[in-house]
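K.L.:
Sharing a structure with you now.
The values are calculated or read from the model by the stated rules, or taken from the named source; none is laboratory data. Remember, it's a predicted structure, so these values are computed and weren't measured experimentally. Using ideal geometry, Cβ is built from the backbone for each residue, glycine included, and neighbour counts are taken over all protein chains shown.
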Amino acid sequence: MYKIAVLRGDGIGPEIVDQSLRVLNFIEEKYQLDFDIKYAHFGGKGIDEEGHPFPESTKSIVDWSDAVLLGAVGGPKWDQAKDRPEQGLLSLRKHLGAYCNLRPIITFEALKDMSPLKLDQGKNIDLCFVRELTGGIYFGKKERIDDLAYDQKQYETYEVKRIAKKAFELSKKRAGKICSVDKSNVLMSSKLWREEVEKMNETYQVDLNHMYVDNAAMQLIMNPYQFDVILTGNMFGDILSDEASVLAGSIGVLPSASIGDEKGLYEPIHGSAPDIAGQDIANPIGMIMSLAMMFQNSFERTDIYDFIYKNVNKTLEDGYGTVDLKLDRKVTTREWTDQLIKNMQS
Ligand code: IPM
Ligand code: MN
């Protein structure tokens, strides 16, 4: 029995989560598994229903679960809220101790020529961000005093060590190559970061290089083929992973896994897209692949990850895509999932 907390969240969150749960139901039958699902309010929905983006009732459901599936949070409606939906997300990540955010830039074959960038079709992009998720400038001291405001960026050795370890271990399963991104020519916290990563490589001995974040932003566009594992801090990882999504053709197809020493949190990397919410046109792939990452990371079922990946790929190859994908067969969120499930059945 797998216990799953489902936080549908805001904007397009509910629609994409609902489609991913249809996939979950299919997997449950096909693999004869048993899922126990509990829904909880989160983000703006948490504020509306229970007065807080991460209410106590949600906390208990999260604590009960083996893994957490999350749609997206936020929207203009809550921009002025005392505790914004985004704050709920940060608290959830912290609560779970999910300090490691894996963001693979999956380049589906059918979407290869969809990027606005001139990519080399003969070469393969296969990179994965390992983003530190519970520290850095997101969690440092912050204050507003009249005309002054600051956000402190800080990293402690143990925080760098544990995220670096995840990156090194991942790189051993991949190409044995890490690019660690920092700004150590200016920032003290980056200096510590670089030192610790360098030290750890004495044990792991992978092909490690360091890059300043400004250069990395350029290199991702100039020559994305050079990267395999990109290890970086919280905010640099946030920014660079959105940038890198352009390589995949649409940010709508990209999943993430936030893991730590305990249970994982699985959410697409995109936001709640309030402008297209409720229209059944959102791309469900990032959410469905996040579900796939749940099987891979929380339940050690790489076979199920592969099964979902293969069928998502096939559905795209068949020419089905939501409006953000320039494919021949334009379909709605629900219809796209219909096609996916059809492929899974055959
Ligand atoms: C993400 C999002 C979040 C982040 C926001 C919503 C707090 O942009 O998951 O990338 O910055 O981490
Ligand atoms: Mn982001």
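K.L.:
Can you name the strands (runs of 3 or more DSSP E) wholly within region 77-178 that have at least 1 residues being surrounded by fewer than 22 Cβ atoms within 10 Å (Cβ to Cβ) and hydroxyl-bearing (Ser, Thr, Tyr)?
P.N.:
In region 77-178, the matching strands (runs of 3 or more DSSP E) lie at 148-151.
K.L.:
For region 230-278, how many residues meet the condition of being more than 13 Å from the chain's Cα centre (by Cα) and of a type in the set (D, E, K, R)?
P.N.:
Matching residues across region 230-278 total 5.
K.L.:
For region 1-48, which residues satisfy the criterion of being within 18 Å of the chain's Cα centre (by Cα) and not in a helix (DSSP H, G or I)?
P.N.:
Ile4, Ala5, Val6, Leu7, Arg8, Gly9, Asp10, Gly11, Ile12, Phe42, Gly43 - these are the residues of region 1-48 that are within 18 Å of the chain's Cα centre (by Cα) and not in a helix (DSSP H, G or I).
K.L.:
Here's a follow-up. Select from region 221-231 the residues that are away from ligand 1 (no atom under 16 Å from the Cβ) and crowded, with 18+ Cβ neighbours inside 10 Å and list them in ascending order.
P.N.:
Once the filter is applied, which keeps residues that are away from ligand 1 (no atom under 16 Å from the Cβ) and crowded, with 18+ Cβ neighbours inside 10 Å, region 221-231 yields Pro224, Phe227, Asp228, Val229, Leu231.
K.L.:
Looking at Val62, is it out of contact with any strand residue (DSSP E or B) (no Cβ under 9 Å at 6 or more places or on another chain), more than 19 Å from Asp79 (Cβ to Cβ), surrounded by 15 or more Cβ atoms within 10 Å (Cβ to Cβ) and aliphatic (A, V, I, L, M)?
P.N.:
No.
K.L.:
Follow-up question, since we're still on this one. Taking the conditions exactly as written (in a strand (DSSP E or B), in the same structural domain as Ser258 (by TED's automatic domain parsing) and either within 16 Å of ligand 1 (Cβ to nearest atom) or within 19 Å of Ser256 (Cα to Cα) (or both)), does Leu69 satisfy them or not?
P.N.:
yes
K.L.:
Something else: What helices (runs of 4 or more DSSP H) lie completely within region 232-327 and have 3 or more residues being within 16 Å of ligand 1 (Cβ to nearest atom) and either surrounded by fewer than 24 Cβ atoms within 10 Å (Cβ to Cβ) or among the acidic types (Asp, Glu) (or both)?
P.N.:
Answer list for region 232-327: 234-248.
Conditions tested, residue by residue: (1) more than 16 Å from ligand 1 (Cβ to nearest atom); (2) over 27 Å from Leu69 (Cα atoms); (3) not acidic (Asp, Glu).
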position	(1), (2), (3)
Gly122	yes, yes, yes
Arg131	no, no, yes
Arg144	yes, yes, yes
Tyr155	yes, yes, yes
Ala164	yes, no, yes
Lys173	yes, no, yes
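K.L.:
Looking at region 75-90, which of the residues that are within 16 Å of the chain's Cα centre (by Cα) and over 16 Å from Val6 (Cα atoms) is farthest from ligand 2 (Cβ to nearest atom)?
P.N.:
Leu90
K.L.:
Please enumerate the residues belonging to region 256-278 that are more than 13 Å from ligand 2 (Cβ to nearest atom) and touching a Ser or Thr at 6+ places or on another chain (Cβ under 6 Å).
P.N.:
Hits for region 256-278 are Gly264, Leu265, Tyr266.
K.L.:
Which residues, counting only those in region 104-158, are over 22 Å from Ser258 (Cβ atoms) and aromatic (Phe, Trp, Tyr)?
P.N.:
Scanning region 104-158 gives Phe108, Tyr150.
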